[in-house]
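> Before I ask anything, let me first share the structure, which is written out below as structure tokens.
Rule-based calculations on the coordinates, nothing more; no lab input. Bear in mind that the values here come from a model prediction, so they are computed numbers and not experimental data. Please note: Cβ atoms are built from the backbone with ideal geometry, for glycine as well, and neighbour counts cover all protein chains shown.
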Amino acid sequence: MSSIERDVVIVGAGASGLTAATELKKAGLTVAVLEARDRVGGRLWTDDVDGATLEIGGQWVSPDQDALIDTLADLGLETYERYREGRNIYISPSGERRTFEGEIFPVPPKTEHEIVSLIDKLDALVAEIDPDRPWEHPLAEELDEISFRRWLETQTDDEEARLNIGMFIAGAMLTKPAHAFSALQALLMAASAGSFSNLVDADFILDKRVKGGLQQVPLLLADRLGDDVHLNAPVRTLRWDEAGVTAIADGVEVKARFAILALPPVLISRISYEPPLPRRQQQLHQHLSMGFVIKVHAVYETPFWREDGYSGTAFSPYELVHEAYDNCYDGDPRGTLVGFVSDEAADAVFRLSAEERKARILESLSHYYGEKALSPVVYYESDWGSEEWTRGAYAASFDMGGLARYGADLRTPVGPIHFSCSDMAGKGYQHVDGAIRVGRETAAAIIGAA
Ligand code: FDA
């Protein structure tokens with residue numbers, strides 16, 4: 001066991017921890033980053049699978065994500081646009097495949113009217129919410145005690161409108177069923193992206209990708225930090241008092257004045273604290289849980305949908321794969337589709353054998369893109385639920401009532417211990433942009449106190 005002394009020990013080499021470490025080092029403080037895995041990046045992971053470069057974790061960048069965009073520029077990383085030419089596909093409640101252009105879904109006029117009216121109502125509410133302080137909204141408690149599904153039921157009796165609007169926050173973002181989180185949590189998700197309209201606009205929220213993959217961000221940040229990053233070093237115990245901390249990881253022990261826990265909040269209690277964390281933290285961390293989604297990649301000899309005049313953008317709340325996109329990798333002439341299977345639908349297919357699951361998922365893709373979708377040359381399912389150091393995807397959110405009750409204390413430091421993660425962000429919540437933003441803010445707080 002090696003023993004080292006630093007100003008700050010950072011637990012977790014995801015985008016948030018590495019950003020904090022970079023900022024602290026720039027300010028002249030010494031750091032050690034302890035990472036449990038044998039790689040950096042956490043939920044950012046670009047890998048070669050059977051000869052195809054795939055983004056197993058996060059990948060998209062949207063135009064309002066200025067913290068991420070600054071970091072990309074600083075690291076010299078270039079972006080490219082998601083392919084979006086041609087018609088989009090929607091599957092109706094009866095299973096009919098409909099195509100459309102622009103943002104208006106091909107639904108009956110009454111449903112369309114209800115969808116537009118729900119988007120307007122949500123945009124108006126979101127405009128009143130500060131994503132950094134959603135609990136301060138005058139109706140915060142009321143909005144946090146009603147599930148998003150029930151709230152939608154109070155707004156319209158049109159089920160197709162409710163399912164479509166619900167899908168954009170439930171299956172597509174928080175990756176939990178709409179009955180499992182509150183209306184306030186849904187509003188935070190939308191406020192973190194600027195508006196609800198931004199979330200429904202794939203051209204906004206899924207705008208660009210990074211050449212070389214989004215994991216380049218943590219990889220290049222870690223390169224700059226050099227020997228200050230320790231891999232295969234899961235922190236098991238954190239001893240602390242007002243004067244400082246000792247982080248005890250496999251193979252290395254770091255004494256420091258401050259610690260940053262740059263972990264998904266569900267993993268905070270995996271570490272033993274001596275003395276234990278205070279009552280408030282022990283309680284509040286129990287009220288956050290990870291969503292769950294399978295990100296599926298299917299690579300084909302050609303992007304056949306493009307040849308047929310389709311953008312690749314497809315969605316339906318009635319399909320196992322509730323959304324799918326053209327995800328061709330920069331420079332690869334083959335065609336790649338990415339699709340998502342969320343929450344209870346993901347539970348259901350994980351009860352099947354791998355072969356049956358693949359068959360079900362490809363069948364759902366074929367409902368959008370036709371028979372050719374059934375025969376990919378490369379097929380891969382990300383399974384973040386089995387990743388010990390993540391335990392779900394995309395990120396963590398509060399249970400019913402949790403955001404109003406505990407949200408304000410989520411990032412409050414405990415003595416020398418600070419907390420930093422995308423799952424604790426306001427703007428950029430659950431996204432890499434939020435991870436970077438919170439990483440910078442946490443570093444600034446420590447620099448101010450040091
Ligand atoms: P992150 O979880 O990345 O890092 C925490 C680190 O702590 C990990 O490296 C972990 O191994 C380590 N750790 C845990 N316990 C430890 C311990 N005890 N000791 C030491 N280390 C420990 N975002 C986006 O902007 N655009 C997108 O398109 C997507 N899409 C997307 C798809 C999928 C499938 C996923 C899973 C996620 C996304 N996201 C995304 C979300 C995005 O990837 C995520 O918000 C950030 O990468 C989180 O960064 P953090 O550093 O906050 O946590």
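> Given a Förster radius of 45 Å and the C-beta distance between Ser366 and Arg279 as r, what FRET efficiency does 1/(1 + (r/R0)^6) yield to the nearest 0.05? Kindly include the intermediate steps, with their values, before the conclusion.
Working: r = 53 Å, r/R0 = 1.18.
Rounded to the nearest 0.05, the efficiency is 0.30.
> Grab the DSSP H runs of the chain that are 4 residues or longer, score each as -39,500 (n - 2.57), total them, divide by all residues and round the 222 nm result to the nearest 500 deg cm²/dmol.
Working: 16 runs with 150 residues, N = 450.
Value at 222 nm, helices only, nearest 500: -9500 deg cm²/dmol.
> Run through region 62-111 and list the GluC sites (Glu not before Pro) located in a DSSP loop whose Cβ has at most 10 other Cβ atoms within 10 Å. Show your work: numbers first, answer last.
Values: sites: Glu78, Glu81, Glu85, Glu96, Glu101, Glu103; in loops: Glu78, Glu85, Glu96, Glu101, Glu103.
Filter output for region 62-111: Glu85, Glu96, Glu101.
> Still on this model: Which residues in region 321-343 place their backbone N less than 20 Å from a point set 7 Å from the Cα of Ser375 along the Cα-to-Cβ direction?
333-338
> So how strong a dipole does region 108-202 carry about its Cα centre when Lys and Arg Cβ are +1 and Asp and Glu Cβ are -1, to the nearest 20 debye?
On the way: 7 positive and 18 negative charges, 60 e Å.
Roughly 280 debye, rounded to the nearest 20.
> Give me the lysines in straight-line cross-link reach of Lys358: C-alpha distance below 19 Å, same-chain residues under 8 apart excluded.
Lys295, Lys372
> How much length is gained on full extension from Asp308 to Glu141, taking 0.36 nm per residue of separation minus their Cα-Cα distance? Before the final figure, lay out each step's value.
Working: separation 167, 0.36 × 167 = 60.12 nm, distance 4.95 nm.
Residue separation times 0.36 nm, minus the Cα-Cα distance, leaves 55.2 nm.
> Residues with beta-carbon under 12 Å from that of Asp48, excluding Asp48: net charge, scoring Lys, Arg +1 and Asp, Glu -1?
Numbers: positive: none; negative: Asp47, Asp50, Glu55, Asp332.
Net local charge, Asp48 excluded: -4.
> Got a sec? Charge dipole of the chain, +1 on Cβ for Lys and Arg, -1 for Asp and Glu; which of Pro106, Phe419, Ala314 is way out at the positive end?
Phe419
> Report the one residue of Trp45, Ile294, Leu199 whose Cα lies farthest in the direction of the positive end of the charge dipole of the chain (charges on C-beta: Lys and Arg +1, Asp and Glu -1; origin at the Cα centre).
Sorting the options by dipole projection puts first Trp45.
> Here is a follow-up. Cα centroids of region 307-332 and region 365-425: how far apart, whole angstrom?
21 Å
> Bin width 10 Å, origin at 0, all Cα-Cα pairs of region 13-148: what percent of pairs per bin?
Going from the shortest bin to the longest, the percentages are 8, 20, 26, 29, 14, 3, 0.
> Still on this structure, I have one more. Which value, in Å to one decimal place, does the Kirkwood hydrodynamic radius take for region 108-202 when every pair of different Cα atoms is included? The partial results should precede the final answer.
On the way: mean 1/r = 0.0766 Å⁻¹.
After inverting the mean inverse Cα-Cα distance, the result is 13.0 Å.
> In nm, what is the difference between 0.36 nm times the number of residues separating Ala359 and Asp74 and their Cα-Cα distance?
On the way: separation 285, 0.36 × 285 = 102.60 nm, distance 4.30 nm.
Full-extension gain reported as 98.3 nm.
> Each label point is 7 Å from the Cα along the Cα-to-Cβ direction; what then is the distance between the points at Thr154 and Ser272, in nm?
A separation of 4.6 nm, rounded to one decimal place.
> Trypsin sites (Lys or Arg not before Pro) within region 215-247: which are DSSP loop residues with at most 15 other Cβ atoms inside 10 Å? If you can, show how the numbers build up before the last one.
Values: sites: Arg224, Arg236, Arg239; in loops: none.
The qualifying sites: there are none.
> A follow-up question, please. Against the globular-protein guess of 2.2 N^0.38 Å, express the Cα radius of gyration of region 362-448 as a ratio, rounded to two decimals. Let's see the in-between values first.
Values: Rg = 19.1 Å, N = 87, 2.2 N^0.38 = 12.0 Å.
Normalised by 2.2 N^0.38 Å, the Cα Rg of region 362-448 equals 1.59.
> Another question about this same structure. Can you give the charge dipole size of the chain about its Cα centre, rounded to the nearest 20 debye, using +1 on the beta carbon of Lys and Arg and -1 on the beta carbon of Asp and Glu?
Here the size comes out at about 1040 debye.
> Still on this model: Around Asp144, under 11 Å between beta carbons, what's the net of Lys plus Arg minus Asp minus Glu among the other residues? Numbers along the way, then the final one.
Numbers: positive: Arg405; negative: Glu141, Glu142, Glu145, Asp399.
It works out to a net charge of -3.
> Continuing with this model, one more query. Mind checking region 310-409 for GluC sites (Glu not before Pro) that DSSP puts in a loop (not H, G, I, E or B) and that have at most 11 other Cβ atoms within 10 Å?
Details: sites: Glu319, Glu323, Glu344, Glu355, Glu356, Glu363, Glu371, Glu381, Glu387, Glu388; in loops: Glu319, Glu387, Glu388.
Listed in order of number, the matching sites are Glu388.
> Calculate the spin-label point distance for Ala127 paired with Asp47, positioning each point 7 Å from the Cα along the beta-carbon direction, and give it in nanometres.
For the pair Asp47/Ala127, the computed spacing is 4.5 nm.
> As I understand it, the dipole of the chain uses +1 on the Cβ of Lys and Arg and -1 on the Cβ of Asp and Glu, about the Cα centre. Which of Ala172, Cys328, Leu77 lies farthest toward its positive end?
In the chain, that residue is Leu77.
> Tell me, what is the FRET efficiency for Met1 and Ala449 to the nearest 0.05, using R0 = 30 angstrom and their Cβ-Cβ distance as r?
Numbers: r = 29 Å, r/R0 = 0.96.
Taking R0 as 30 Å, the efficiency between Met1 and Ala449 is 0.55.
> Another question, then. Can you give the local net charge around Arg357? Use residues other than it whose beta-carbon is closer than 13 angstrom to its beta-carbon, Lys and Arg +1, Asp and Glu -1. List each step's numbers first, then the result.
Details: positive: Arg351, Lys358, Arg360; negative: Asp347, Glu355, Glu356, Glu363, Glu381, Asp383.
Surrounding charge for Arg357 is -3.
> Arg334 to Asp223: FRET efficiency via 1/(1 + (r/R0)^6), r the Cβ-Cβ distance, R0 25 Å, to the nearest 0.05? Spell out each step's value before the answer.
Working: r = 30 Å, r/R0 = 1.19.
In this case the efficiency is close to 0.25.
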